[in-house]
Amino acid sequence: MKTLTVALPGREYDIVIEAGVLDRAGESCRKALPRAGKLFVVTDTNVEPLYRRQVEESLTRAGFQTAFHTLPAGEESKSAARLAELWEAMMAFGLTRTDAVAALGGGVVGDLAGFAAATILRGVDFVQIPTTLLAQVDSSVGGKVAIDLEHGKNLAGAFWQPRLVLMDPRVLDSLDDKTFADGMAEVIKYGCIADRAFFDFLCAHSSRAEVMGHIEHVLYTCCDIKRQVVEDDERDTGRRMILNFGHTVGHVYEKLGDYRVWTHGQAVAAGMCVAAQLGQSLGLGGGDAGRDLQALTGLLAAFGLPTHIPCGAEDWGLVAETVGLDKKGAGGDISLVLLEEMGRAVPVKVKKADFLDKLSQLWGRA
Ligand code: GLY
């Protein structure tokens, strides 16, 4: 068992990483939520048949009155309509300001349930029980909650920190390889941005079985890096941006594929390769930049992640538009996260026009 404490002004919470913790969810929630009588649990159609029974029994034993609300699995559920559905269901359940909401599922469930918790009755306590690798190492930690709008993903949301994050590594056994790899893109990202030794560790353990053999260490290391970044910059006005390594170009790929062709992790994997090449072309990365880039592409490929996504002439208009509209951009500049060296990311401001130029060279469109 490993525990981390995220310490933010006026709000401190634990991340508990422990095999079998799902069976003890009730005890842990009771400690974190001493006043709550009711717990409204949001889950989805993939997760409910797998884990509802054990979580519900444990919560009931700990004295919670529970209501489970099951959403269709998939990104489409991260909508204003589903948010309104949750608000109404919470009111029908009789939720009060001393009660709480829990998310049992992946990133979609966590983001939506968290935003519902942040907004219902002007905010109630919230617990994250992430069931995918991506949600465990990224979205369940740090308090970003949101829904998607017609204009784009995560455009309506809040910072709403959970009271507790409960991670059971055993749930990862139920993921298919593609979903596991999706999370591995973010795991590898942490090595790139903040921990050279962890990157080297992953290179030496580059299969699902080897990662699972050290899963508590892997989850702990990723969450500890995210903890430090979030403690430094909860509201994402500075250093937190390094978590977006590979994401600017990743968003382009996601959008080009209409969010259906490439998963988030696949798009970020290829985006990290572009960012590493961009850094190299700007003279960053030191003398080892070429070897590190090779190690990165090899590691991503070992998990079946793409290291290059072709971008045709017909896509270029959308690329420029996506980069221009990216909410992390400002004025004529785009803020990119590049690698000063493997294990150390830096935010760099680049003129959008120069960035597009570089992209077109990298994609062979010069
Ligand atoms: N997923 C990026 C962040 O939490 O800031």
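Working only within segment 133-164, note down all residues that are assigned to a loop (DSSP other than H, G, I, E, B) and within 14 Å of the ligand (Cβ to nearest atom).
Within segment 133-164, SER140, VAL141, GLY142, GLY143, TRP160, GLN161, PRO162 meet the criteria.
Would you list the helices (runs of 4 or more DSSP H) that sit entirely within segment 1-109 and hold 3 or more residues that are within 19 Å of LEU175 (Cβ to Cβ)?
Correct list: 48-61.
What helices (runs of 4 or more DSSP H), lying completely within segment 165-249, carry at least 2 residues that are within 11 Å of the ligand (Cβ to nearest atom)?
Here the list reads 177-194, 215-232.
Has segment 252-264 got any residue that is more than 16 Å from the ligand (Cβ to nearest atom), of a type in the set (Ser, Thr, Tyr), in contact (Cβ under 8 Å) with a residue 60 or more places away in the chain and not in a helix (DSSP H, G or I)?
For segment 252-264, residues more than 16 Å from the ligand (Cβ to nearest atom), of a type in the set (Ser, Thr, Tyr), in contact (Cβ under 8 Å) with a residue 60 or more places away in the chain and not in a helix (DSSP H, G or I): present.
Just checking, how many residues over segment 119-132 are in contact with a strand residue (DSSP E or B) (Cβ under 7 Å, 6 or more places away or on another chain) and within 15 Å of the ligand (Cβ to nearest atom)?
2
Here are some conditions: (1) in contact (Cβ under 8 Å) with a residue 24 or more places away in the chain; (2) over 12 Å from the mean Cα position of the chain (by Cα). LEU134 meets all but one. Which one does it not meet?
Of everything listed in (1) in contact (Cβ under 8 Å) with a residue 24 or more places away in the chain; (2) over 12 Å from the mean Cα position of the chain (by Cα), LEU134 misses just condition (2).
Got a sec? Which of LEU300, LEU278, LEU282 is open to solvent by 60 Å² or more (accessible area, probe 1.4 Å) and more than 16 Å from the ligand (Cβ to nearest atom)?
Just one listed residue meets the conditions, LEU282.
The values are calculated or read from the model by the stated rules, or taken from the named source; none is laboratory data. No experiment lies behind these values; they were computed from the predicted model shown. Neighbour counts are summed over all protein chains in view; Cβ atoms, including those assigned to glycine, are modelled from backbone coordinates with ideal geometry. Quick note on the areas: whole protein, heavy atoms, side chains included, nothing else; ligands and nucleic acids left out. Shrake-Rupley method; radii C 1.70, N 1.55, O 1.52, S 1.80 Å.
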